[in-house]
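Below you'll find the structure, written out as structure tokens, and then a few comments.
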Amino acid sequence: MAQNGYVVPADQSAVVTVKKKTPQSSRNWVAIDEEGESSAFDFDRNNIMKDLRIPARDLRLLDPNLSYPSTILGRERAIVLNLEHIKAIITSEQVLLRDPTDENVIPVVKELQRRIPVGQGEGKETSAAQNDGDAGEEDESPFEFRALEVALEAICSFLAARTTELETSAYPALDELTSKIGSRNLDRVRKLKSLMTRLTGRVQKVREELEQLLDDDDDMADLYLSRKLFIASTPVSSPGESNWYLTSPTIGSKISRASRASLATVRGDENDVEELEMLLEAYFMQIDSTLNRLTTLREYIDDTEDYINIQLDNHRNQLIQLELVLSSGTVCLSMLSLVAGIFGMNIPYPWNEGHGYIFKYVVGLTGTFCVILFVIIMSYSRYKGLVGS
């Protein structure tokens with residue numbers, strides 16, 4: 001055991017040897033190492049399956065031609081990540097990211113290059129570390145957790161931005177629809193509702209994946225690549241040596257949190273997933289907040305639809321009332337026309353000779369009767385609620 005203590009050793013078999021990408025390459029991948037250096041390379045399925053021990057079914061998750069839900073899988077030497085447009089393989093020393101030239105992936109590459117080198121203190125000399133002992137505390141999370149955090153932050157921010165854009169367009173369109181119901185506004189709201197449904201499904205898939213991880217400690221433990229690497233490579237030591245290492249004041253400020261988490265295994269705490277659980281909970285709350293915003297928007301759309309249906313029902317009732325009034329008036333006029341037609345026929349009748357005044361009386365009485373009948377029908381309709389007062 002050296003005086004500098006244990007650090008997580010490099011597992012050369014867990015590092016994919018990348019070949020610089022040629023202009024004729026049909027694959028578009030980039031590898032980002034611990035120093036934040038990136039290099040494009042040709043994707044070789046067989047080499048990755050052999051070096052990282054990833055089954056072929058997991059690599060299919062990263063195929064853009066196949067549709068798979070959002071997934072975070074922990075394997076022996078790598079984390080397979082499929083979150084919307086972010087398709088990556090994370091190892092304990094590098095990140096393999098697909099489609100780095102995509103407009104949505106470019107910010108992820110830049111953020112990885114900026115944040116991954118933070119906290120890499122294992123390669124520094126002991127003397128340099130002592131000189132910097134008074135410096136501020138750096139991020140000592142394991143490499144895979146820093147890369148995973150960048151991916152989760154990017155996807156949560158991306159979905160939140162899409163939600164904000166949808167809200168900016170949806171709420172004014174819904175308000176305009178309530179003030180003026182027309183085919184143009186209805187078609188606009190229909191398209192926005194379709195976009196909201198698809199976006200809600202995407203957010204729901206990411207949320208379900210994070211929730212599933214948080215509910216299973218074994219799945220979270222599989223994501224501790226540095227810890228598993230440390231356990232696999234640490235030689236069996238005596239209790240005295242372990243105690244010396246744990247109590248050494250020099251080592252505690254120089255090893256990464258991955259090594260410190262690995263040291264917990266010496267004390268029998270190898271299933272501790274508190275660090276990753278806190279990380280996932282933070283982004284679970286963020287994606288859950290985005291889902292709540294979409295749920296609120298859906299409820300607003302449903303309320304708008306209910307309001308429009310009430311308006312349409314009211315217009316329909318008004319048309320029915322108008323139809324009832326017209327039908328009642330038509331019946332009364334038909335009766336008057338019938339009587340007038342009978343007495344107005346040019347047919348000689350014995351009772352009609354010299355009694356023309358009878359026609360006037362009968363028609364007048366019939367008209368009065370029709371008016372009274374119309375008033376009775378309208379009064380009865382109002383009493384039954386068929387016609388508004």
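The values are calculated or read from the model by the stated rules, or taken from the named source; none is laboratory data. Note that the coordinates shown come from a computational prediction; the quantities given were computed from them, not determined experimentally. Glycine gets a Cβ as well: all are built from the backbone with ideal geometry, and neighbour counts include every protein chain shown.
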Helices (runs of 4 or more DSSP H) completely within segment 173-278 that count 3 or more residues being of a type in the set (A, V, I, L, M, F, W, C), surrounded by 14 or more Cβ atoms within 10 Å (Cβ to Cβ) and at pLDDT below 50: 257-263
Enumeration of residues in segment 299-311 that are in contact (Cβ under 8 Å) with a residue 24 or more places away in the chain and within 30 Å of residue 381 (Cα to Cα): 307, 308, 311
Failed item, numbered, when residue 170 is tested on (1) under 30 Å from residue 50 (Cα atoms); (2) surrounded by 13 or more Cβ atoms within 10 Å (Cβ to Cβ); (3) modelled with pLDDT of 85 or more: (1)
Counted residues, segment 282-298 - those being free of Cβ contacts under 8 Å to residues at least 40 places away in the same chain and farther than 13 Å from residue 200 by Cα: 2
Residue within segment 182-196 that is among the charged types (D, E, K, R), touching a residue at least 40 places away in the same chain (Cβ under 8 Å) and farther than 17 Å from residue 286 by Cβ present: yes
Meets criteria (at pLDDT below 90 and under 16 Å from residue 147 (Cβ atoms)) for residue 69: no
Residue selected from segment 113-134 under the condition under 30 Å from residue 82 (Cα atoms) and β-branched (Val, Ile, Thr), by the criterion modelled with the highest pLDDT: 116
Filtered residue count, segment 277-311, keeping only those that are under 17 Å from the mean Cα position of the chain (by Cα) and over 30 Å from residue 182 (Cβ atoms): 13
Pairs where the first residue, in segment 50-63, is on the phi > 0 side of the Ramachandran plot and the second is not in a helix (DSSP H, G or I), C-beta under 6 Å, 6+ apart: 53/76; 53/77
Segment 55-65, residues that are surrounded by 12 or more Cβ atoms within 10 Å (Cβ to Cβ) and part of a helix (DSSP H, G or I): 58, 59, 60
Tally of residues being more than 18 Å from residue 202 (Cβ to Cβ) and assigned to a loop (DSSP other than H, G, I, E, B) across segment 66-75: 1
Residue match in segment 13-35 (condition: in a strand (DSSP E or B), more than 28 Å from residue 220 (Cβ to Cβ), in contact with a strand residue (DSSP E or B) (Cβ under 9 Å, 6 or more places away or on another chain) and modelled with pLDDT of 80 or more): no
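Okay, residues lined up against (1) under 25 Å from residue 379 (Cα atoms); (2) at pLDDT 75 or above; (3) not acidic (Asp, Glu):
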{"site": "315", "(1), (2), (3)": "yes, yes, yes"}
{"site": "323", "(1), (2), (3)": "yes, yes, no"}
{"site": "330", "(1), (2), (3)": "yes, yes, yes"}
{"site": "337", "(1), (2), (3)": "yes, yes, yes"}
{"site": "340", "(1), (2), (3)": "no, no, yes"}
{"site": "346", "(1), (2), (3)": "no, no, yes"}
{"site": "355", "(1), (2), (3)": "no, no, yes"}
Identity of the residue in segment 84-112, modelled with pLDDT under 90 and in contact with a Ser or Thr (Cβ under 7 Å, 6 or more places away or on another chain), that ends up surrounded by the fewest Cβ atoms within 10 Å (Cβ to Cβ): 84
Residues being of a type outside the set (Asp, Glu) and either touching a strand residue (DSSP E or B) at 6+ places or on another chain (Cβ under 9 Å) or surrounded by 12 or more Cβ atoms within 10 Å (Cβ to Cβ) (or both) - total across segment 293-317: 12
